[in-house]
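The values are calculated or read from the model by the stated rules, or taken from the named source; none is laboratory data. None of these values were measured; they are calculated from a predicted model. All Cβ positions, even for glycine, are placed from backbone atoms using ideal geometry, and neighbour counts span all protein chains on display.
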Amino acid sequence: MNRSTLEHARNLVLVAGALAFIGVVASVGCSSSESNRTAHAASDPAARTVTIPVEGMSCSACVARVRKTLKGIASIQAVEVNLEHRNVQVRYLDGQISPERLVAVINQLGYKAGRPSVEASPPVAEPQ
C-alpha cells in the first residue's frame, strides 16, 4: 500500500469512529437527569469552565452539532457555542472528564479544536 492509501484508510477509520460516537450520543437523548445537571451547575464546587477555540464551524448547523454532542456527555453541565468567535465554552464536572477529552470529541466531529483554556469563572449561561 502506498502512503496515500494508508492515509485514506486512517481517515475512514476516524470517520467511522466519530459516526459511532455520534450514534451513541444521539441514542442517549434528553432526560430528566440533563435538567437536573443544569439545575445544580451553579452550586457544584467540582464544576469548571473551559473555553476551546474551534476551527471549521461555518453555520448554525455546525453550532447545533457541536452543542448537541457535548451536551450528550454525562459530566457536561452547560455548553455555549459561539460561531462569531469560533469557540465553545463548556461547564463540566472536574475529575469526570478532562478538557483534553472535550477537544478529542470536537475533533472527532471533523472540526479542529485548539488549546483549551480552563477558567475560574461563573457557570456558562444556559439558554432557556
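Being under 14 Å from the mean Cα position of the chain (by Cα), at pLDDT 95 or above and acidic (Asp, Glu): is that true of GLU84 here? Walk me through how you get there before you give the answer.
Numbers: under 14 Å from the mean Cα position of the chain (by Cα): no; at pLDDT 95 or above: yes; acidic (Asp, Glu): yes.
So GLU84 fails the test.
Restricting to the stretch 95-123, count the residues that are out of contact with any Pro (no Cβ under 7 Å at 6 or more places or on another chain) and closer than 10 Å to THR49 by Cβ.
6
This table checks each residue for (1) surrounded by fewer than 14 Cβ atoms within 10 Å (Cβ to Cβ); (2) of a type in the set (Asp, Glu); (3) in contact with a His (Cβ under 9 Å, 6 or more places away or on another chain).
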residue: THR49; (1), (2), (3): no, no, no
residue: GLU55; (1), (2), (3): yes, yes, no
residue: GLY72; (1), (2), (3): no, no, no
residue: ALA78; (1), (2), (3): no, no, no
residue: GLN89; (1), (2), (3): no, no, no
residue: GLN96; (1), (2), (3): yes, no, no
residue: GLU100; (1), (2), (3): yes, yes, no
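Could you tell me how many of the residues in the stretch 58-70 are exposed (fewer than 11 other Cβ atoms within 10 Å of the Cβ) and closer than 14 Å to ILE97 by Cα?
0
Any idea which of VAL103, VAL90, VAL66 is assigned to a strand (DSSP E or B) and in contact (Cβ under 8 Å) with a residue 24 or more places away in the chain? Even if it seems obvious, please write down each step before you answer.
Details: VAL103 fails: assigned to a strand (DSSP E or B); VAL66 fails: assigned to a strand (DSSP E or B).
On inspection, the qualifying residue turns out to be VAL90.
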